[in-house]
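Below is one structure, written out as structure tokens; the observations come after it.
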Amino acid sequence: ITAEPLIVSNNSRPTSFFLPRGAEIGQVIAASTKRGWADPADEVILPAISMDEYKRSRGLGKIDLVKIDCEFHEREILEGMNHILKDDKPNLLIEVLFYETAGVKGQLNYSQSAEIERILRENGYHFYLIAESALILMDHLENNPNNRNYLFSVKRSPRQYIPYDEADFLYSPSRRL
């Protein structure tokens with residue numbers, strides 16, 4: 001893993017990044033490109049790059065898995081990985097926040113769940129809520145304050161409730177659904 005001072009986005013323009021003021025190390029990772037996510041916050045400008053451009057410029061091969069936890073910047077990241085979504089079809093682990101349960105009601109009027117759904121449906125993805133003991137196949141994203149993480153995969157389980165010890169369909173090329 002190599003940390004780089006870049007914002008993953010859908011363009012290469014310098015982008016504002018809002019860091020919680022006086023934050024300790026655990027809170028810094030909760031920074032966002034959305035004004036109002038943290039208040040008070042310090043604004044810094046960072047270079048941005050799309051995932052497609054990052055993959056191309058670094059000469060990376062097929063991408064199998066992407067983890068996205070970006071505090072309301074999901075749409076931009078997904079837009080910037082159009083070729084990866086179409087060509088590589090990686091599994092995606094995404095924390096999906098709904099502003100009502102993210103502790104920012106009144107500060108941030110921004111939700112992207114419909115855009116996340118649209119982009120991923122267009123690319124043939126299915127939605128699985130990551131629950132405590134199983135994956136749950138969902139028809140759409142739902143605001144669940146106890147489980148905000150989703151797995152998105154082009155592979156579809158024939159069952160709605162998949163215990164983790166039976167979730168090998170996600171990575172086993174020989175297993176048919």
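Accessible-area rank, largest first, for His83, His140, His126, His73: His83, His140, His126, His73, with all protein chains present and a 1.4 angstrom probe. In units of the compact-protein estimate 2.2 N^0.38 Å, segment 26-95 shows a Cα radius of gyration of 1.25. Adding -39500 (n - 2.57) for every DSSP H run of four residues or longer, then dividing by how many residues the chain holds, sets the calculated 222 nm ellipticity at -4000 deg cm²/dmol. Listed by chain and number, the aspartates and glutamates placed with their C-alpha closer than 14 angstrom to that of Lys62 are Asp52, Glu53, Asp87, Asp88; residues fewer than eight positions away on the same chain are left out. Apolar share of the accessible surface for the chain: 50 percent from carbon plus sulfur atoms, 1.4 Å probe. Ligands, DNA and RNA are left out, and with a 1.4 angstrom probe the accessible area of the chain is 57 Å² per residue. With all protein chains in place and ligands, DNA and RNA left out, the 1.4 Å accessible area ranks Met51, Met81 as Met51, Met81, largest first. Computed on the Cα trace of the chain, the radius of gyration divided by the Kirkwood hydrodynamic radius gives Rg/Rh = 0.97.
With a 1.4 Å probe rolled over the protein heavy atoms of all chains, the accessible area of Tyr161, Tyr125 falls in the order Tyr161, Tyr125, largest first.
Seen against the Cα atoms of the chain and their longest principal axis, helix 113-122 is set at about 40 degrees. When only the Cβ of Lys, Arg, Asp and Glu is charged (+1, +1, -1, -1), the dipole of segment 4-94 relative to its Cα centre reaches about 260 debye.
The values are calculated or read from the model by the stated rules, or taken from the named source; none is laboratory data. Note that the coordinates shown come from a computational prediction; the quantities given were computed from them, not determined experimentally. Cβ sites come from the backbone with ideal geometry, for glycine too, and all protein chains shown count toward neighbours. To get the accessible areas, we keep the full protein, side chains included, count just its heavy atoms, and leave off ligands, DNA and RNA. Shrake-Rupley method; radii C 1.70, N 1.55, O 1.52, S 1.80 Å.
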